[in-house]
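Structure, as structure tokens:
Read-outs throughout are calculated quantities, based only on the coordinates presented, and are distinct from any laboratory measurement. All figures in this text were calculated on a predicted structure; none of them were measured in a lab. Heads up, the Cβs are rebuilt from the backbone with ideal geometry, glycines too, and the neighbour counts pull from every protein chain shown.
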Amino acid sequence: MSSLAPYAVTAGNSRGRLVTETAPVGRSEFQRDRDRIIHSTAFRRLEYKTQVFVNHEGDLFRTRLTHSLEVAQIGRSIARNLQLNEDLVEAITLAHDLGHTPFGHAGQDALNDCMQEYGGFEHNLQSLRVVDVLEERYAAFDGLNLCFETREGILKHAAKKNARKLGDVGVRFLNNTSPSLEAQLANFADEIAYNNHDVDDGLRSGLLTHEQLEAVSIFSRHLAQIKQRYPALTGRRLTHETVRSMINTLATDLTQQSILNIKNAKISSLADVHAAPLLIGLSSQIKKEQQELKKFLRDHLYQHYRVVRMSSKARHTIERLFASFNANVKLLPTQYQIKFQQEEQQAIADYIAGMTDRYAIREYRRLFAIELA
Ligand code: MG
């Protein structure tokens, strides 16, 4: 691994696993983490969990699985250019959404509201809980026993009250130190992926139009470039070429700006990274354009009445499931009744958060539909 920068995470400077294991043969520690994530149950469920569009709205929209794969692709390309640990970035990006509820952000917000009296619900924290506790695959430990750096990357945010309960991995939220560059990069890869695929899915669904998007500078700039190069191009290919070149611009800008930040801060070790402010970032111009695009997506896509209707149904479904289980624990499947005895409402949150969109819809029917079988 001599091609890695001196400030990259390596097996040598890693803080290791909670339960000590023998070193893997034929693959790196972080490849082992990635492999465990891909083989997990929570990873397979991502196929049927929503980003913006509920699963049954159409087969071509991103799900959390395809989103995670896109984030991993973007993250790995940039990691290689920055000489960071590509395997670690891959592991973090593939795992970053494992704790998401069904129905995307609407589901997460609803479950958080339901859990207010019981400590709340944070999807980042839940992703960590999945890999630390909930996966049941190994004889010697609960969860996947991932390396510290993978867990650190998965835990993007944590409220101080939660961070205090997390041990090592929560410390940076209390003393305001920075995570590895790999973790910082995974974050940006996520943002680059979802802003761009929301543009693509928004156009595909007809909820957004090219004309609307021409008011957004990063889109109109790239659209004009593509039209100049291919004057006859229209429709899906025009969209794809535009989105593709936006992703390229962002990845290139992020790489160049981050190299500059690392150089200016005179970073030469992983310890320097932890002590410095965040170093992975976009240039100020591109950052401004990203904020403009995000605002546009908020106003025109996430607040589009058809998306608001999906979100409203999602909220209703989660709230009603939670309220029913909480009022009568005997409605829960037996294993969760047993968990409830120790974990109380967290067991209900684990059950609901683990559901796919369609499982939640079916469970809703099983509980509330009065119909002849
Ligand atoms: Mg994501």
### Task
Rank these for me by crowding, 101, 356, 93, going from fewest to most other beta carbons within 10 Å.
356, 101, 93
### ³J(HN,Hα) computed for each position of the stretch 272-279 - Karplus, 6.51 cos²θ - 1.76 cosθ + 1.60, integer Hz, glycine/proline x
4, 4, 5, 7, 7, x, 4, 10
## Note on the structure
Shape call for the chain, from the Cα gyration tensor axes a ≥ b ≥ c (a/c under 1.5 means rounded, otherwise prolate when a/b beats b/c, else oblate), comes out oblate
### Where labels lie 7 Å past Cα in the beta-carbon direction, separation of residue 175 and residue 260 in nm
3.2 nm
### Task
For residue 232 paired with residue 299, estimate the spin-label separation in nm (one decimal), with each label point 7 Å from Cα along the Cα-to-Cβ line.
3.7 nm
### Query
What residue among 307, 286, 276 has its Cα farthest toward the positive end of the dipole of the stretch 275-316, where the charges are +1 on Lys, Arg and -1 on Asp, Glu, each on the Cβ?
307
### Task
Using the charge dipole of the chain (Lys, Arg: +1 at Cβ; Asp, Glu: -1 at Cβ; taken about the Cα centre), state which of 100, 12, 88 has its Cα farthest towards the positive end.
100
### Message
Please enumerate, by chain and number, the lysines with C-alpha under 20 Å from the C-alpha of residue 294, excluding those fewer than 8 residues away in the same chain.
### Response
156
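Determine the calculated [θ] at 222 nm for the chain from helices alone, applying -39500 (n - 2.57) to every DSSP H run no shorter than 4 residues and normalising by the residue count; nearest 500 deg cm²/dmol.
That calculation yields -18500 deg cm²/dmol at 222 nm.
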### Message
Run the simple label-point estimate for residue 338 and residue 191 please: 7 Å along Cα→C-beta, distance reported in nm.
### Response
4.4 nm
### Query
Which of the lysines could a cross-linker span from residue 287 if the Cα-Cα distance has to be under 17 Å and same-chain partners fewer than 8 positions apart are dropped?
295
